[in-house]
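First comes the structure, then the notes that go with it.
The values are calculated or read from the model by the stated rules, or taken from the named source; none is laboratory data. Note that the structure is predicted; figures quoted are calculated from it, not measured. Every residue, glycine as well, gets a Cβ built from its backbone with ideal geometry; the counts of neighbours run over all protein chains shown. In case anyone asks, the SASA skips ligands and DNA or RNA and just uses the protein heavy atoms, side chains included. Shrake-Rupley method; radii C 1.70, N 1.55, O 1.52, S 1.80 Å.
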Amino acid sequence: MGRADPEEGHLPAPVKPPDGGWGWIVLLGCFVITGFSYAFPKAVSVYFKELMKDFHVGYSDTAWISSIMLAMLYGTGPVCSIMVNQFGCRPVMLIGGLLASSGMILASFTTNIIELYLTAGVLTGLGMALNFQPSLIMLGTYFDKRRPLANGLAAAGSPVFLSSLSPLGQVLLEKFGWRGGFLIMGGLLLNCCTCGAVMRPLDAGMKRKMEKAQDKYEAKEMLPIGGKSEEGISTTDGTKKAKKAKKKPKKGKKLLDFSIFSNRGFIIYTISKFILVLGLFVPPILLVNYAKDTGVPDTEAAFLLSIIGFIDIFARPACGMVAGLKWVRPHVSYLFSFAMLFNGLTDICSARASNYTGLVIFCVFFGISYGMVGALQFEVLMAIVGSQKFSSAIGLVLLIEAFAVLIGPPSAGRLVDALKNYEVIFYLAGSEVVLSAVFLAMATYCCLNRGKKKEPPPEKNPPGGGSDTEEAESDVQEAEEHSSDNHQLPHNTDNTVVAASEEANHVAEEQSGEGGGCPEGHGEVLARDGCNADQTVERDSF
């Protein structure tokens with residue numbers, strides 16, 4: 001029915017997301033991948049003290065392992081986009097799972113910190129990146145109406161895995177040492193291959209075969225019995241081959257689509273996200289040390305992160321449900337702005353917290369706002385660029401965020417060393433998050449919504465005239481023409497109808513010439529077909 005074949009290098013027709021079914025299995029896989037991608041770099045910090053003793057290095061040297069993992073997760077976004085567009089999501093995720101696992105297994109045999117950087121940092125980080133991005137793309141493929149809820153549930157994997165991998169890592173360290181712990185963690189990362197295996201693509205091949213069979217069936221039903229039906233089927237197949245021959249010069253899918261930079265919404269989102277990342281991760285990184293400096297015991301200070309994780313587990317799915325409401329979803333970007341504003345004001349208002357109760361209150365509100373941001377960030381991007389361009393968009397966004405990740409937390413740490421004051425850092429981080437929220441809301445309202453209101457209604461094109469939109473949608477027009485061709489009759493049937501109409505016209509002309517008017521009993525009908533109305537009135541008067 002006018003669909004392009006992938007073998008010929010053309011884009012396949014998009015399939016409608018099922019919003020359920022196998023999509024729930026895909027959601028479960030995305031939940032696991034998101035958990036490993038975000039929680040694993042933080043859970044590795046449990047082994048840092050043992051690594052410092054064995055390799056005789058400082059804390060900043062071991063901290064680079066987590067930094068390299070995150071840098072690979074964000075910085076390799078365009079590479080992941082190219083591989084997904086070229087090979088598909090499932091093969092890329094399978095390769096990523098093997099790389100992530102092999103990186104941790106090889107790290108258990110390292111003898112110096114540089115080898116740890118290359119194995120646990122680069123190799124494992126690249127493997128998790130090749131899993132994280134394709135899983136989000138598949139989630140957007142399987143869900144449309146329930147996509148906000150699906151994104152919220154998948155994002156909940158981060159706090160769930162963070163609260164489980166850290167205690168598990170501590171148990172493995174005590175029983176098997178850091179080398180045995182790395183080896184077992186590498187085995188756990190093989191579950192990424194299982195998650196990749198369930199990412200079944202929505203293929204239109206079966207649907208195309210069913211439509212072809214239906215076309216042949218309709219051709220048989222419309223034509224007379226005998227050889228004419230075969231003639232109609234051959235005519236239909238010939239038309240399809242002609243259409244495919246016309247489409248051969250077209251280009252295939254781009255490996256990385258830079259045309260999304262012409263989308264003003266994408267530009268606004270990217271700038272806002274860059275400013276957001278500068279300050280979003282600073283408070284949770286400095287929270288434990290900040291609590292210790294105020295006199296909080298070590299165990300109670302570490303428990304503050306558990307509070308954030310526990311609140312975050314419930315905040316993300318709940319925010320996804322709210323974003324999926326009919327009256328909220330069209331304005332999801334404003335909800336995202338509110339979440340960022342809430343998070344930034346939480347940082348600012350809690351900068352002067354000087355006791356444990358104040359820090360607990362800060363963790364509760366920070367967990368809610370942080371969960372809202374995590375649940376909405378990719379939903380807003382999908383709403384802006386659509387599922388067809390999401391693979392390229394997320395790769396470019398993650399690359400830009402990588403620079404912000406490398407600038408924000410390290411700069412905050414240097415300011416703490418220089419000023420010996422955490423209050424200023426919380427004010428600065430909160431101000432950056434608030435600025436990103438205000439920019440996204442104002443730019444969306446001024447540049448996008450007002451632009452839509454000022455656009456004049458589309459004018460109808462004169463007959464025979466083309467437009468740029470029609471040329472851009474030539475594939476859709478050809479599909480419609482091809483669909484109509486499948487329902488046309490053979491030429492012999494058309495000739496019969498034309499001959500019958502010509503004979504009827506000839507009889508009508510002879511009757512009008514003999515009687516000087518219309519034939520009896522048909523005056524009113526033939527008057528509409530060309531007879532004089534006055535003649536009809538005169539006949540009736542007789």
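Filter the helices (runs of 4 or more DSSP H) completely within the stretch 84-145 down to those with at least 1 residues that are out of contact with any Asp or Glu (no Cβ under 8 Å at 6 or more places or on another chain) and more than 27 Å from E50 (Cα to Cα). Show your work before the answer.
On the way: elements: 89-107, 113-116, 124-142.
The qualifying helices (runs of 4 or more DSSP H) are 89-107, 124-142.
Could you say whether any residue in the stretch 37-45 is open to solvent by 30 Å² or more (accessible area, probe 1.4 Å), closer than 30 Å to A155 by Cα and modelled with pLDDT under 85? Walk me through it before giving the result.
In the first step, residues of the stretch 37-45 are kept if they are open to solvent by 30 Å² or more (accessible area, probe 1.4 Å); the result is 38, 42, 45.
Restricting the remaining residues to those that are closer than 30 Å to A155 by Cα gives 38, 42, 45.
Next cut, modelled with pLDDT under 85 only: 42, 45.
Yes.
What are the pairs with Cβ atoms under 6 angstrom where one residue, in the stretch 309-321, is outside the structural domain of K42 (by the TED database) and the other, located anywhere, is open to solvent by less than 40 Å² (accessible area, probe 1.4 Å) and outside any helix (DSSP H, G or I)? Sequence gap at least six, or different chains.
Once the first residue is outside the structural domain of K42 (by the TED database) and sits in the stretch 309-321, its partners that are open to solvent by less than 40 Å² (accessible area, probe 1.4 Å) and outside any helix (DSSP H, G or I) give I313/A156; R316/A156; P317/A156.
Here is a list of conditions, (1) open to solvent by less than 60 Å² (accessible area, probe 1.4 Å); (2) under 24 Å from S67 (Cα atoms); (3) modelled with pLDDT of 90 or more, and L428 meets all of them except one; can you say which number that is?
Just one mismatch for L428, condition (1).
Of everything in the stretch 289-306, what is open to solvent by 30 Å² or more (accessible area, probe 1.4 Å) and either of a type in the set (A, V, I, L, M) or within 16 Å of G367 (Cβ to Cβ) (or both)? Give them in sequence order.
First, pick out the residues of the stretch 289-306 that are open to solvent by 30 Å² or more (accessible area, probe 1.4 Å): 289, 292-295, 297-300, 302-303, 305-306.
Selection gives A302, F303, L305, S306.
Looking for something in a helix (DSSP H, G or I), without any contact (Cβ under 8 Å) to a residue 12 or more places away in the chain and surrounded by fewer than 17 Cβ atoms within 10 Å (Cβ to Cβ) - is there at least one such residue anywhere in the stretch 385-395? Quick ask: steps written out before the conclusion?
Filtering the stretch 385-395 for residues in a helix (DSSP H, G or I) gives 385, 390-395.
Then drop every residue that is not without any contact (Cβ under 8 Å) to a residue 12 or more places away in the chain, which leaves none.
Checked against the condition, which is being in a helix (DSSP H, G or I), without any contact (Cβ under 8 Å) to a residue 12 or more places away in the chain and surrounded by fewer than 17 Cβ atoms within 10 Å (Cβ to Cβ), the stretch 385-395 yields no hits at all.
Quick check on my filter: what residues within the stretch 66-84 are touching a residue at least 60 places away in the same chain (Cβ under 8 Å), aliphatic (A, V, I, L, M) and open to solvent by 30 Å² or more (accessible area, probe 1.4 Å)?
The answer is L70, A71, V79, I82.
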